[in-house]
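Notes for the one structure printed next.
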Amino acid sequence: MKHAILALIFATAAAPAAADSYVPVKDQATFLSLVDGKQLRNFFYGVRLNVFPNGQIDGSAVGWGIEGTWTWQDGYFCREMSWGGDPIPYNCQLVEARGDDRLRFTVDQGAGDSASFRLQ
């Protein structure tokens with residue numbers, strides 16, 4: 001059951017990106033300016049994530065802790081995490097912003113499923 005929830009949380013399918021006003025985040029400095037001091041939240045799944053400039057990630061989803069690390073490589077957010085002790089494999093993701101309060105992460109360098117977060 002936990003693995004099914006995990007798949008939903010971190011590979012949530014999103015609508016196609018056509019004309020939805022998301023803009024690619026192309027560099028680490030811009031990404032950090034968006035997440036600095038803010039928490040990434042997906043209310044539907046109860047996800048709360050903090051992404052820190054030192055390369056650390058922490059948070060929670062449906063009652064289980066999330067921890068991990070990240071780097072910025074060739075224009076992509078690359079992360080490896082665990083959720084409640086279960087590994088979430090390394091993946092580099094396209095990051096897109098809508099204004100200064102929404103981010104969308106698309107796995108496999110933009111070729112896979114997406115998850116959207118509100119910045120608070």
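The values are calculated or read from the model by the stated rules, or taken from the named source; none is laboratory data. Since the model is a prediction, treat every value here as computed from it, not as a measurement. Neighbour counts are summed over all protein chains in view; Cβ atoms, including those assigned to glycine, are modelled from backbone coordinates with ideal geometry.
The table for this structure:
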{"quantity": "Every pair of residues 6+ apart whose Cβ atoms lie under 9 Å, when the first sits in the range 19-48 and is in contact (Cβ under 8 Å) with a residue 60 or more places away in the chain while the second is assigned to a helix (DSSP H, G or I) and of a type outside the set (A, V, I, L, M, F, W, C)", "calculated": "Pro24/Gly110"}
{"quantity": "Any chance Gln93 is at pLDDT 95 or above and over 12 Å from the mean Cα position of the chain (by Cα)", "calculated": "no"}
{"quantity": "Identity of the residue in the range 31-76, aromatic (Phe, Trp, Tyr) and in a loop (DSSP other than H, G, I, E, B), that ends up farthest from Ser116 (Cα to Cα)", "calculated": "Phe52"}
{"quantity": "Among residues of the range 17-34, those that are surrounded by 17 or more Cβ atoms within 10 Å (Cβ to Cβ) and within 18 Å of Val107 (Cβ to Cβ), counted", "calculated": "3"}
{"quantity": "Residue that is surrounded by fewer than 14 Cβ atoms within 10 Å (Cβ to Cβ) and without any contact (Cβ under 8 Å) to a residue 40 or more places away in the chain, where the choices are Asn54, Asn91", "calculated": "Asn54"}
{"quantity": "Number of positions in the range 57-78 that are surrounded by fewer than 17 Cβ atoms within 10 Å (Cβ to Cβ), hydrophobic (A, V, I, L, M, F, W, C) and under 19 Å from Arg102 (Cα atoms)", "calculated": "1"}
{"quantity": "Counted residues, the range 94-111 - those being free of Cβ contacts under 8 Å to residues at least 12 places away in the same chain and among the β-branched types (Val, Ile, Thr)", "calculated": "0"}
{"quantity": "Complete set of residues in the range 77-100 that are in a loop (DSSP other than H, G, I, E, B) and within 21 Å of Val25 (Cβ to Cβ)", "calculated": "Gly99, Asp100"}
